[in-house]
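Below is one structure, written out as C-alpha cells; comments come after it.
Read the figures in this text as sums done on the coordinates, not as results from a lab. The structure displayed is predicted, hence computed values, not measured ones. Because the Cβ atoms are built from the backbone with ideal geometry, glycine has one as well, and the counts that use them run over all protein chains shown.
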Amino acid sequence: MSPIVGWILAGIAVVAGWLGWGVPGVVLAVTVITFWLLLQFSRALRVMRMAAGRPVGHVDSAVMLQSRLTQGMTMMQVIPLTRSLGERVGNDDTWRWRDTGGDAVTLVFQRGKLASWAFVRVATPDADSATP
C-alpha cells in the first residue's frame, strides 16, 4: 500500500472516530493506527533478523530465486526469499545475489518496486571438450 493512501485512511479513521463517538472514538482510531504501525515495524525487524546471519549477496539457489520473482515485489518481499541482504550494484537501486556455483540474479527496483531482473548463469565447460 502506498504511504499516502495509508495516511489518508488513518486521517479518515480519526475523523470517523470523532464524528461517531467523540474523544473515545479518536482514542480508538489512534490506538488502531499505532497497533498497525507496530505490526509493520515488527515485520521489518523479523525480516532483517532473518537476513542478519547470512553473507551479503548470497542465495542458496539463484535459479529458484529467479523463478519466484514477480514484478512489483518490494525489497521486504524479496529478502525472505533470499534470506540475505543483496549486494548493491552501482549507484542506483540495483541489487545482486549469487549462489555457490556462481550463478547470479540482478534485481532492479524503481520507486521501491521490482521493475526487472536478469539471471546470469556461469558457463560450464562442455563434457565433450574435456575428453582426450
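Using θ = phi - 60° and the Karplus curve 6.51 cos²θ - 1.76 cosθ + 1.60, what whole-Hz ³J(HN,Hα) does each residue of segment 96-105 get, with Gly and Pro shown as x?
10, 10, 10, 9, 5, x, x, 5, 9, 10
Per residue of the chain, what 222 nm ellipticity follows from adding -39500 (n - 2.57) for every DSSP H run with n ≥ 4, rounded to the nearest 500?
Working: 4 runs with 64 residues, N = 132.
Result for the chain: -16000 deg cm²/dmol, rounded to the nearest 500.
In whole percent, what relative contact order does the chain give with Cα contacts below 8 Å and a gap of six or more residues?
Numbers: 167 pairs, mean separation 23.3, N = 132.
With pairs under 8 Å counted, the relative contact order is 18 percent.
Charges at C-beta only: +1 for Lys and Arg, -1 for Asp and Glu. How large is the resulting dipole of segment 54-120 about its Cα centre, in Debye rounded to 20? All intermediate terms of the calculation are to be shown ahead of the outcome.
Details: 8 positive and 6 negative charges, 35 e Å.
The dipole of segment 54-120 has a size of about 160 debye.
Could you compute the net charge surrounding THR94? Neighbours are other residues with a C-beta less than 12 Å from the C-beta of THR94; K and R count +1, D and E count -1.
On the way: positive: ARG88, ARG96; negative: GLU87, ASP92, ASP93.
Around THR94, the charge tally is -1.
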